Each structure stands twice: as structure tokens, then as C-alpha cells.
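Right, one structure below, let's go through it.
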Amino acid sequence: HYTAGQLSSKMDAAAATLRKRPLSIRTTSDDGADGRTSPDYGEEALGEPVSPSARLVEDFYIIVIIGAGTPVNLPALRAGIDAQLARYPHFRSIQVKDKDGELRWARTTVNVDDHLICPRLDPAAVAANPDMAVEDYVASMSTVPMDQSRPLWEFHILDFPTSEATSTTAIRVHHSLGDGMSMLTLLMACTRSAADPTRLPAMPPPPTRTGAIYQQPRPPASAGALAFAAWVWSFAVLAWHTVVDVAAFFATILFLKDPHTLFKRRANHGEFQRKRIVHRSLSLDDVKFVKNAMNCTVNDVLVGVTYAALSRYYFRKSGDTDTDKEIRVRSMLLVNLRPTTSLHACVNMIESGKGSAVKWGNQLGFIILPFFIGMHSDPLDYVRKAKKVVDRKKSSLEVVFTHVVAEVILKLFGLKAAGAIFHRMISRTTISFSNMIGPVEQVEFCGHPVVFIAPSGYGPPEALTVNYQSYVNTIKVNLAVDEAQFPDCHELLDDFAESLRHIKDAASSLGKHHGKA
């Protein structure tokens, strides 16, 4: 493996060192075109084409920070990655152009050592504040390009104790290898239960699904005319909601912008700002308590907590005293339409080294989700508002439509036009948001007990990205922020923790009130 040079407190030296890595595949010709070609690959050696969705996210990266309860055993980590993760087809492939100029996956030889990065940090900085040393190093990764002559994944090993873990590993994966949920599923397939290392970790039961929203079964004749009318009406509502969402989609492309707030990326900032990734643990039991008290979902609660946290931060930082108003901003959620792959299917794929039996990668659609900034005397109003918004979005085919539109635009007008529209959509909204489910028991990765899992990413032009990740009895809230715009990002994290506390206290009072009644 290779190492970065000795780092300053801001890790600029690391960024400079890693930038010098040669790029032998992705080059730029004199006319500015992408010249990602290789004379070493014949047409017969090329695999499947890179999906259109994957090409849209070519500047997006997934970061997964994993805290371990033991120091890193490098030989065990190397052997485990070589035997499991590196066998996944895209983890041992690079992107090259065929004779027609189309990007294809091509198998290459993987030397795991090339993907294990052990930086030598400034010992004084680590001793003074190890948590900040990790945070600074991960921030520096957002300014460092990946070596595209190798498969696009890396393990950055920070083998020193922090306040949360004995050692930390930051995994960086290019988004073309898969979306966040796919990558997390693949990663979990390489873990084993800490209680019984012979078996896969226990995951929460998948949500009950009744099929596509437009495939609701027709009620039996015995149900009566009213039930039949309700069934027909549900399709009318679905069609209306889809029309409204499609109109909003085109309006956003053409002219509709979010208002300028503290959370909107500043126009004078460069396209690719250094992103700082910070995280905080929340109690999953508290979230479930609110869920049960409000008769909603965990996702409803987390969206409500996000509403509350952004509101607290906005009114405190902006000095705006008009607490009666409500500001509407939006998040563009990337949704992978591929069915979620089970851990057992991932294991079979890894062991066979073939991905053909598993639908993988990116098949992306988009949902524009409103977020409301306002002050409420009752903290539960944030959850009520969130539930109403999320339920409304469930009754729409927006994600299917946007996926089809993206595929059609790519085929008819090419990547440049599709990328411009995609970028326009993101730049006219305010934040990115996601929520992912993790194991319900502690796991081991290559023999290392995992203390926490904190996924995030960088690449989208938004100044703020919010990701939630559950693991055992905690939920990590992970923020990727433009560090120039959010120098006080830890205060924003405090707002998330305080918002959940206030909402949980209000839910407790609600339960007591019902009990007295």
C-alpha cells in the first residue's frame, strides 16, 4: 500500500500528496473530451456497459466511517477484504471506453495493498485532539481525486483511539459502483455477528410491501360498491399527485428555485468545496418511542427531527424574529429502483465472483421532498408535518417518472445534456437527505468489532447533506457540510440531539395525558 505524507492540522499536505497519484486511464484529450481508454483491453475483455444512472453520478463519492473496538490488524483486514469485498465484480473492474466510445466495465488485477491507505498524521495533532484529527483527514479526502487506473474504492486506516472507538477506518467508494444502500448491504455481507462469527448479522425485518402502488388489488365483489369506489378513487389520487409532482419537476428544471437561506449553497462558493463530515449518536429507543406514541414510522420521526433541527439553527443564526412564518426548502432524494439485495444473495455473489445473478448498481429516480423551517410551540407538530408530507409522497409515481425521463434524456441527448439537467435540479434545491437501516446486533468486520457506522458522501453541489444510519440501539446522524459555510457544524449537530430530546419529552407528556384521560 502507499501512504500520504505528513499532514498539517488542516491536512493540506495529504491532499497535495495524494493528488500526485498518476491517472493512467481517465485522461483528457486536447479538445477537452474524456479520453478514458486503454489499449490493453480488447473488445472481448470488456464487460457490461456502465449504466446511464452511474454516469450521471460520476463526481459523487460515498464515504463510510467505521469505528472499531480494537486496533487495526492489518494482515487480517487485508486477507478479509481480498477474500470477500474484492471479489465483488465492480470492486475488481475499471471503466474504459470501447471502440464506439461507450464506457464499459473491464476486469483488472486487484492488489489489495493499493487500496489500503495508512496516512502518517502529525503526532502532536493526534495527541491534542484525535477526534478532530480524524475529522480533518476525512475532510481532506473530499479534495483528493481517486486513481481511476484502479478499481474505485479505498480504505483509509486511522489506527489510533478517539472518544468513540479504538481505531477508525474511512471507506471511500465511487458512486458508480452502487448507491449508498447497495454499498452498505455489500459491506454488511462481509461482516459477521459478534455473538456468533459463523453467521451473518441479524437485520431488521424488511418493511411489509404489497407490491407497486399502482398494482393495488381490486376489492372482491362482496366488499360492496363503497370499497370499489374507494379503490377507483385511489388511482385518481395517485394520478393527480403524479401530475403535480411531474409539474414541479419540470418547473424546477426551468425556473423554480428554493429561497436563499443559511442552508443554500452560496453562489460565490466554488463548484467543489471541501466537505467536512461530522456525526452524532442518537437513541434509537427514543425514536421508536416517538414512533409508537405518534403512530407513524421511524422515517417520519427522523424527517420531523430534521425539520426541528434546521428550524432551531436557522432562527438562532439568522437573527430572524418572525417566528410565525414558515420557510419551505426542498431536498432531492436519489432513490434506487432496484430491489434491495439480501445479505445472503450478496454473500453468494461474493463467493462466486459473479454479479449476473444479482441486480446491482444504480437505477436511480428522484423525489423532491419539502422541508419546512418554522417554530412550533408543540414539538410534535414537526413530526405531524413530516408524516403528512411523507405520506403524500408515497402516493405518487414521481420516482418512476423521473427515472424514465433521465434514461430518455441520456439516450436522446447524451450525458452532457442529462448531466446539466441533473446538476440544475440539485443546485435549485437545498439539501440532500437519506435514511438507511443497519444491523440490530453488533457485528465484526474482518475480525474487528464494529462500534459505529457513519455513512455519508460528497459530490452534490448542496452545502448540506443529512444521512441517518441505524446500528444496534443507536442512530447516527451524519452531516456532510461545506466547511466554509458551516464552520459551526457541531452546533448544528447539537440541534439534532436537542430536537429529538424535545420531541421525545413531548411524546412522553402526550402518553401521560392519554393515560389520565
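The values are calculated or read from the model by the stated rules, or taken from the named source; none is laboratory data. Computed from a predicted structure; not experimentally measured. Cβ placement follows ideal geometry from the backbone for every residue including glycine, while neighbour counts extend to all protein chains displayed. Quick note on the areas: whole protein, heavy atoms, side chains included, nothing else; ligands and nucleic acids left out. Shrake-Rupley method; radii C 1.70, N 1.55, O 1.52, S 1.80 Å.
Which residue pairs have Cβ atoms closer than 8 Å, lie 6 or more positions apart in sequence or on different chains, and pair a first residue in the range 181-193 that is on the phi < 0 side of the Ramachandran plot and part of a strand (DSSP E or B) with a second residue that is surrounded by fewer than 22 Cβ atoms within 10 Å (Cβ to Cβ) and among the charged types (D, E, K, R)?
191/444; 192/199; 192/444; 193/199; 193/441; 193/444
Please determine whether any residue of the range 295-310 is assigned to a loop (DSSP other than H, G, I, E, B) and under 24 Å from the mean Cα position of the chain (by Cα).
Within the range 295-310, one or more residues are assigned to a loop (DSSP other than H, G, I, E, B) and under 24 Å from the mean Cα position of the chain (by Cα).
Regarding residue 429, is this residue modelled with pLDDT of 90 or more, farther than 30 Å from residue 190 by Cα and in contact with a Ser or Thr (Cβ under 7 Å, 6 or more places away or on another chain)?
yes
Listed residues 321, 252, 297, 261; which is under 29 Å from residue 455 (Cβ atoms), of a type in the set (Val, Ile, Thr) and open to solvent by 40 Å² or more (accessible area, probe 1.4 Å)?
On inspection, the qualifying residue turns out to be 297.
Considering (1) within 22 Å of residue 179 (Cβ to Cβ); (2) in contact with a strand residue (DSSP E or B) (Cβ under 7 Å, 6 or more places away or on another chain), say which one residue 87 fails and leave the rest.
Residue 87 satisfies all of (1) within 22 Å of residue 179 (Cβ to Cβ); (2) in contact with a strand residue (DSSP E or B) (Cβ under 7 Å, 6 or more places away or on another chain) except (2).
Let me spell it out: the conditions are (1) modelled with pLDDT of 85 or more; (2) in a strand (DSSP E or B); (3) open to solvent by less than 30 Å² (accessible area, probe 1.4 Å); (4) not aromatic (Phe, Trp, Tyr), and residue 365 meets all of them except one. Which number is the exception?
(1)
Every residue, every condition in (1) of a type in the set (Val, Ile, Thr); (2) within 28 Å of residue 78 (Cα to Cα), yes or no:
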| residue | (1), (2) |
| --- | --- |
| 438 | no, yes |
| 443 | yes, yes |
| 449 | no, yes |
| 456 | no, yes |
| 463 | no, no |
| 468 | no, no |
| 485 | no, no |
| 492 | no, no |
| 497 | no, no |
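Might you check whether a residue that is farther than 23 Å from residue 276 by Cβ and either open to solvent by less than 10 Å² (accessible area, probe 1.4 Å) or of a type in the set (Asp, Glu) (or both) occurs anywhere in the range 126-144?
No.
Would you check if residue 96 is outside any strand (DSSP E or B) and either in contact (Cβ under 8 Å) with a residue 12 or more places away in the chain or β-branched (Val, Ile, Thr) (or both)?
It is false that residue 96 is outside any strand (DSSP E or B) and either in contact (Cβ under 8 Å) with a residue 12 or more places away in the chain or β-branched (Val, Ile, Thr) (or both).
Quick one: in the range 395-420, of everything that is within 24 Å of residue 463 (Cβ to Cβ) and out of contact with any Gly (no Cβ under 8 Å at 6 or more places or on another chain), which residue is most open to solvent (accessible area, probe 1.4 Å)?
Across the range 395-420, the extreme among qualifying residues is 420.
Rundown of residues vs (1) in a strand (DSSP E or B); (2) over 21 Å from the mean Cα position of the chain (by Cα); (3) crowded, with 16+ Cβ neighbours inside 10 Å, yes/no style:
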{"site": "435", "(1), (2), (3)": "yes, no, yes"}
{"site": "444", "(1), (2), (3)": "yes, yes, yes"}
{"site": "453", "(1), (2), (3)": "yes, no, yes"}
{"site": "498", "(1), (2), (3)": "no, yes, no"}
{"site": "505", "(1), (2), (3)": "no, yes, no"}
{"site": "509", "(1), (2), (3)": "no, yes, no"}
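I need the full set of residues from the range 113-125 which are buried (at least 19 other Cβ atoms within 10 Å of the Cβ) and either in contact with a Cys (Cβ under 8 Å, 6 or more places away or on another chain) or not in a loop (DSSP other than H, G, I, E, B) (or both), in order please.
Answer for the range 113-125, where residues must be buried (at least 19 other Cβ atoms within 10 Å of the Cβ) and either in contact with a Cys (Cβ under 8 Å, 6 or more places away or on another chain) or not in a loop (DSSP other than H, G, I, E, B) (or both): 115, 116, 117.
If I filter the range 70-111 down to residues being closer than 14 Å to residue 154 by Cβ and over 25 Å from the mean Cα position of the chain (by Cα), which single residue comes out as least open to solvent (accessible area, probe 1.4 Å)?
Of everything passing the filter in the range 70-111, 110 is least open to solvent (accessible area, probe 1.4 Å).
Taking the stated definitions as given, is residue 423 under 30 Å from residue 103 (Cβ atoms), open to solvent by 10 Å² or more (accessible area, probe 1.4 Å) and free of Cβ contacts under 8 Å to residues at least 60 places away in the same chain?
yes
Please work out if residue 272 is at pLDDT below 90 and under 25 Å from the mean Cα position of the chain (by Cα). Lay out the reasoning, then the answer.
Working: at pLDDT below 90: yes; under 25 Å from the mean Cα position of the chain (by Cα): yes.
Yes.
Pick out the one residue from 322, 286 that is among the charged types (D, E, K, R) and free of Cβ contacts under 8 Å to residues at least 60 places away in the same chain.
When all the criteria are applied, what remains is 322.
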